[in-house]
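Enquirer: This structure is in structure tokens; I'll ask about it shortly.
The values are calculated or read from the model by the stated rules, or taken from the named source; none is laboratory data. Only a predicted model underlies this, so the values are computations on that prediction, with no experimental measurement involved. Don't worry about glycine lacking a Cβ; one is built from the backbone with ideal geometry, like all the others, and counts go over all protein chains shown.
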Amino acid sequence: MSRVGLWANKKEDLNGKGTVIMFYPSIDVETIECTTSEKGRIIILEARFDDTKFISVNIYASKGLDKREMFGDQISSNIVW
């Protein structure tokens with residue numbers, strides 16, 4: 001199953017945040033699991049291409065340094081090292 005793009009923010013909010021993972025339409029990528037954050041700032045994609053499984057993560061952080069540091073602290077507590 002091939003998809004051109006997987007959007008984290010599915011709302012039609014012009015002021016909303018969002019991120020996307022895109023593939024060429026000619027590439028046959030099978031989506032295994034796709035997880036997104038509530039506000040559309042994070043997308044985690046587990047997929048398969050040519051019998052190779054991969055995980056891709058796309059993060060959209062705030063421009064403001066104080067907000068970016070707080071956001072980084074919040075997401076790092078959810079990452080398994």
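Enquirer: In region 56-81, what residues are touching a helix residue (DSSP H, G or I) at 6+ places or on another chain (Cβ under 8 Å) and without any contact (Cβ under 8 Å) to a residue 12 or more places away in the chain?
Expert: If the condition is that a residue be touching a helix residue (DSSP H, G or I) at 6+ places or on another chain (Cβ under 8 Å) and without any contact (Cβ under 8 Å) to a residue 12 or more places away in the chain, then 62 is the only one that fits.
Enquirer: Same structure again: I need a count of the residues in region 26-73 that are surrounded by 10 or more Cβ atoms within 10 Å (Cβ to Cβ) and either modelled with pLDDT of 85 or more or not charged (D, E, K, R) (or both).
Expert: So the count comes out to 33.
Enquirer: Based on what the data block shows, is residue 78 polar (S, T, N, Q) and either modelled with pLDDT under 80 or in a helix (DSSP H, G or I) (or both)?
Expert: The answer is yes for residue 78.
Enquirer: What's the number of the only condition in (1) at pLDDT 80 or above; (2) surrounded by 13 or more Cβ atoms within 10 Å (Cβ to Cβ); (3) under 15 Å from the mean Cα position of the chain (by Cα) that residue 8 fails to meet?
Expert: Evaluating residue 8 over (1) at pLDDT 80 or above; (2) surrounded by 13 or more Cβ atoms within 10 Å (Cβ to Cβ); (3) under 15 Å from the mean Cα position of the chain (by Cα) leaves (1) as the failure.
Enquirer: Scan region 36-55 residue by residue and report those that are assigned to a strand (DSSP E or B) and either among the basic types (Lys, Arg) or touching a residue at least 24 places away in the same chain (Cβ under 8 Å) (or both).
Expert: Answer for region 36-55, where residues must be assigned to a strand (DSSP E or B) and either among the basic types (Lys, Arg) or touching a residue at least 24 places away in the same chain (Cβ under 8 Å) (or both): 36, 42, 43, 45, 48, 53.
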